[in-house]
Number of protein chains: 2
Amino acid sequence: MKSSLFIIKIGGNVIDNEETLSSFLENFSEIDGKKILVHGGGKIATKIGEQLGLKPNYINGRRITDDHTIDLVTMVYGGLVNKKIVAQLQQKNCNAIGLTGADANIIPAKKRPVKDIDFGWVGDINIEELKINSLELLLSADIVPVFAALTHDGEGHILNTNADTIASALSVALSKLYDVRLMYCFEKKGVLENVDDENSVIRLINKEKYQHLLQENKLFEGIIPKIENAFDAINAGVKDVLIGDAKDLLQNITSKTEGTLIK
Amino acid sequence: MKSSLFIIKIGGNVIDNEETLSSFLENFSEIDGKKILVHGGGKIATKIGEQLGLKPNYINGRRITDDHTIDLVTMVYGGLVNKKIVAQLQQKNCNAIGLTGADANIIPAKKRPVKDIDFGWVGDINIEELKINSLELLLSADIVPVFAALTHDGEGHILNTNADTIASALSVALSKLYDVRLMYCFEKKGVLENVDDENSVIRLINKEKYQHLLQENKLFEGIIPKIENAFDAINAGVKDVLIGDAKDLLQNITSKTEGTLIK
């Protein structure tokens, strides 16, 4: 039997608030067994970017990762946010190690090809290329990897990569070795039937239900890529995916009675 | 017989210039066998600090690591500089992993006690406390640790720590397991008898010679802590210490005919 591995992704709503982050890290550190944390950057990158006089660069409404922006996110996600999380986890006796996909070449990526838009230093992952040996080495030694949402192109450049995608790619690649439970923490209690009603959490979404929800236009826009990532992960071997509030999910990590379960 | 381990420290004169850094990393990646790189931050931290409107904080001529400064160096040393080096080493087929002392708790430190001056978030290392098991795990898997000059206090805070000191502490701790050769790369070809004459490199400094040089006031100020670090390291088990120009030292890494050898 494979052992369990929790892969947990947090975003701005957890990172941006010191107390929320600290309380999340407390719960995270208490999870028994193997675990990986993946984090985005939160508002702090935008704030520091503004202080540095960088103007976000958009083409057709899509954010571009230009030279300045990749340096900014490398600093803020890969340095400030990542190492603060590591130091706090160490305080809580969780033996964290802060990583990007460039470290030990764990997540090689390819700069997104230019079609209509040149997204700049953005990386797309080929799951087959992930180097899971190094991750297994760390996990076997009870070291807890903490990933900033950065990859690299093998040609000397760091690339910006969506944190949900990284969490999902790691989950798929590691499902060969572990029973992986992927958890997307976000600002809602789960996928909501009615976006204005926090009590309308849909407990279970399977493919049929998802098609139905799409047809009825019930899903708010931001959740759709998360659900698609989840289905991709499950189709590729991940045991299950939970979407919901960080606190709820982590406090009930074995029971899975909170949030939305994707199967 | 123990196997060899090279621990190489670089500072601003290598990091600040893209071409020098790239050429150094090329030489570094070509070193056969186990190796660790330790880097400082260079001028980029000062530059970004200025852009962020931070004013360096000095008391009695000593730089203070206040709240803003520790965030700055965590971003710049631990993120921007460290991850760029890692990405470039990966390009050169060197399986680098970027670390701070907080990662895997490798270098725990204590915030420097306040006596005459409160240095702020500065960490002093107790070599006995280094966690070399995790480093051995990485080195045994042919992963190449790249350290930013940061440690942590075990209470959730990153600490600023001198890069020379980190290189020396790692060397001493790892000399239990390896034949360690510690190399300090800096802007001169070695310790100079005459600071204005690059050809006056002192090839060998032992304790007698060092006392002699001190008495004659021949050493320029910046080199003294380096030499003292070197002697401390050797007294604690490090095989030898070389001080000199990055290019010279790395191109002649086995012959040791360049730079100043401290014994």
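The values are calculated or read from the model by the stated rules, or taken from the named source; none is laboratory data. Because the structure is a prediction, the values reported are computed rather than measured. For neighbour counting, all protein chains shown are included, and Cβ atoms are generated from backbone atoms with ideal geometry for every residue, glycine included.
Here residue B:50 meets the list (1) more than 11 Å from chain A (Cβ to nearest Cβ); (2) surrounded by fewer than 24 Cβ atoms within 10 Å (Cβ to Cβ) almost entirely, failing just condition (1). Taking the listed residues B:105, B:160, the one that is touching a Lys or Arg at 6+ places or on another chain (Cβ under 8 Å) and buried (at least 20 other Cβ atoms within 10 Å of the Cβ) is B:105, with no other qualifying. Keeping to the stretch A:156-207, report how many residues are within 14 Å of chain B (Cβ to nearest Cβ) and either without any contact (Cβ under 8 Å) to a residue 60 or more places away in the chain or under 17 Å from residue A:231 (Cα atoms) (or both). Summing the residues that are within 14 Å of chain B (Cβ to nearest Cβ) and either without any contact (Cβ under 8 Å) to a residue 60 or more places away in the chain or under 17 Å from residue A:231 (Cα atoms) (or both) in the stretch A:156-207 gives 1. Contact annotation: residue pairs with Cβ atoms under 8 Å, 6 or more positions apart or on different chains, pairing a residue in the stretch A:23-39 that is closer than 13 Å to residue A:146 by Cβ with a partner that is among the basic types (Lys, Arg) and modelled with pLDDT under 95, are A:24/A:247. In the stretch A:200-230, what residues are crowded, with 17+ Cβ neighbours inside 10 Å and of a type outside the set (Gly, Ala, Ser)? Once the filter is applied, which keeps residues that are crowded, with 17+ Cβ neighbours inside 10 Å and of a type outside the set (Gly, Ala, Ser), the stretch A:200-230 yields A:201, A:202, A:205, A:210, A:213, A:219, A:223, A:226, A:227, A:229. Assessment of the stretch A:106-124 against the conditions (within 12 Å of chain B (Cβ to nearest Cβ), among the hydrophobic types (A, V, I, L, M, F, W, C), in a loop (DSSP other than H, G, I, E, B) and over 19 Å from residue B:95 (Cα atoms)) yields at least one matching residue. Residue count for the stretch B:128-148 satisfying the condition of being without any contact (Cβ under 8 Å) to a residue 40 or more places away in the chain and over 18 Å from residue B:176 (Cα atoms): 1.
Would you point out which residue out of A:153, A:179 is acidic (Asp, Glu), touching a strand residue (DSSP E or B) at 6+ places or on another chain (Cβ under 8 Å), modelled with pLDDT of 95 or more and over 30 Å from residue B:26 (Cα atoms)? Checking each option against the conditions leaves just A:179. The one condition from (1) facing chain B (nearest Cβ under 9 Å); (2) among the aliphatic types (A, V, I, L, M); (3) in contact with a His (Cβ under 9 Å, 6 or more places away or on another chain); (4) touching a residue at least 24 places away in the same chain (Cβ under 8 Å) that residue A:87 does not meet is (4). Considered as a group, the residues in the stretch A:125-143 that are assigned to a helix (DSSP H, G or I) and not hydrophobic (A, V, I, L, M, F, W, C) include one that is farthest from the other protein chains (Cβ to nearest Cβ), and that residue is A:128. Of the residues making up the stretch A:189-223, those that are touching a Ser or Thr at 6+ places or on another chain (Cβ under 9 Å) and among the basic types (Lys, Arg) number 2.
Which of the residues spanning the stretch B:129-156 are touching a Ser or Thr at 6+ places or on another chain (Cβ under 8 Å), under 15 Å from residue B:168 (Cβ atoms) and not β-branched (Val, Ile, Thr)? Across the stretch B:129-156, the qualifying residues are B:147, B:149. When residue B:41 is tested against (1) within 18 Å of the chain's Cα centre (by Cα); (2) at pLDDT 95 or above, exactly one condition is not met: (2).
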